[in-house]
Amino acid sequence: MELAIYNKEGKDTGRKAVLSDEVFAVDANEHAVYLDVKQYLANQRQGTHKSKERSEVSGSTRKLHKQKGGGGSRIGDINSPVLVGGGRVFGPRPRDYRFKLNQKVKQLARRSALTVAAQQGNIVVVENFEFEAPKTKEFVNFTKNLKVDGKKVLLVSASENKNVYLSARNVPGADTMRACDINTYAVLNHNAIILTEDSLDFINKL
């Protein structure tokens with residue numbers, strides 16, 4: 001697959017970028033994508049949730065009334081889960097939500113996501129560029145020139161460019177990422193993927 005290469009002013013440079021068919025033209029595997037996104041989101045969870053159980057609630061352990069003969073239901077202490085202010089039954093406990101996923105499954109998921117993005121025309125290739133200083137307005141104009149303004153934009157470059165990152169940081173829906181950090185969730189979560197020329201050297205080997 002070949003795509004036109006644009007400059008940051010949005011003008012066609014007349015050159016073509018070659019996208020590897022092994023990455024951008026595979027048979028998309030929805031289940032692999034589901035597993036990879038599920039793992040990514042699970043890994044973001046802190047897992048620090050905790051509720052107090054019966055033994056942890058502050059309250060007297062005195063039995064409220066005798067077991068039988070009172071004409072009411074049996075009841076223990078005031079910390080009972082059936083009473084207001086009592087402990088919680090089977091409440092959440094701190095846990096790790098991470099789980100293992102084979103590298104080949106993750107690779108297939110990334111390739112599937114990039115293939116779908118390419119088929120939908122959501123990928124734009126630009127020549128390598130830099131900003132002389134951090135300016136949000138300059139990044140906004142950059143997206144307008146490429147006709148992706150108003151979309152969720154992901155800019156992928158070979159290395160981190162601090163000025164570009166700082167310029168995009170305050171733009172709603174815009175993110176920047178190094179090519180080595182690209183993942184299935186990031187590709188699916190944006191509807192405009194801007195790839196710099198130097199990033200393709202890495203992405204074509206994913």
Next item on the list: Any chance you could count how many residues in segment 26-45 are surrounded by fewer than 12 Cβ atoms within 10 Å (Cβ to Cβ) and either over 22 Å from the mean Cα position of the chain (by Cα) or under 29 Å from N128 (Cβ atoms) (or both)?
Entry: 1
Checklist line | Pick from segment 9-25, criterion in a loop (DSSP other than H, G, I, E, B) and surrounded by fewer than 18 Cβ atoms within 10 Å (Cβ to Cβ), ranking: farthest from the chain's Cα centre (by Cα) | finding: K11
Note to self: Looking at segment 191-206 only, could you name the residues that are under 16 Å from the mean Cα position of the chain (by Cα) and in a loop (DSSP other than H, G, I, E, B)?
What the structure shows: N191
Note to self: Given the options K106, K68, K50, K135, name the one that is open to solvent by less than 90 Å² (accessible area, probe 1.4 Å) and over 24 Å from K16 (Cβ atoms).
What the structure shows: K106
Check: On the given criteria, is D77 of a type in the set (D, E, K, R), assigned to a loop (DSSP other than H, G, I, E, B) and open to solvent by less than 30 Å² (accessible area, probe 1.4 Å)?
Finding: yes
Notebook entry, point to check: Has segment 83-99 got at least one residue that is open to solvent by 80 Å² or more (accessible area, probe 1.4 Å), assigned to a loop (DSSP other than H, G, I, E, B), within 30 Å of F24 (Cβ to Cβ) and free of Cβ contacts under 8 Å to residues at least 60 places away in the same chain?
Noted result: yes
Next item on the list: Could you tell me which residue of segment 176-190 is nearest to L114 (Cα to Cα), considering only residues that are open to solvent by 50 Å² or more (accessible area, probe 1.4 Å) and either modelled with pLDDT under 95 or assigned to a helix (DSSP H, G or I) (or both)?
Entry: L188
Note to self: Looking at V116, V140, V148 in this structure, which one is more than 22 Å from T13 (Cα to Cα), open to solvent by less than 60 Å² (accessible area, probe 1.4 Å) and touching a residue at least 24 places away in the same chain (Cβ under 8 Å)?
What the structure shows: V116
Next item on the list: Could you tell me which residue of segment 125-150 is nearest to L114 (Cα to Cα), considering only residues that are acidic (D, E) and over 25 Å from the mean Cα position of the chain (by Cα)?
Entry: E127
Next item on the list: Considering only segment 138-168, state which residues are touching a Gly at 6+ places or on another chain (Cβ under 9 Å) and hydrophobic (A, V, I, L, M, F, W, C).
Entry: F142, L146, V153
Note to self: Going through N183, N163, N189, N122 one at a time, which residue ends up being polar (S, T, N, Q) and over 24 Å from N29 (Cα atoms)?
What the structure shows: N163
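The values are calculated or read from the model by the stated rules, or taken from the named source; none is laboratory data. Just so it is clear, the model here is predicted, and its values are computed rather than measured. Backbone-built Cβ (ideal geometry, glycine too); neighbour counts: all protein chains shown. Note: accessible area is taken over every heavy atom of the protein model, side chains too, but ligands, DNA and RNA are not part of it. Shrake-Rupley method; radii C 1.70, N 1.55, O 1.52, S 1.80 Å.
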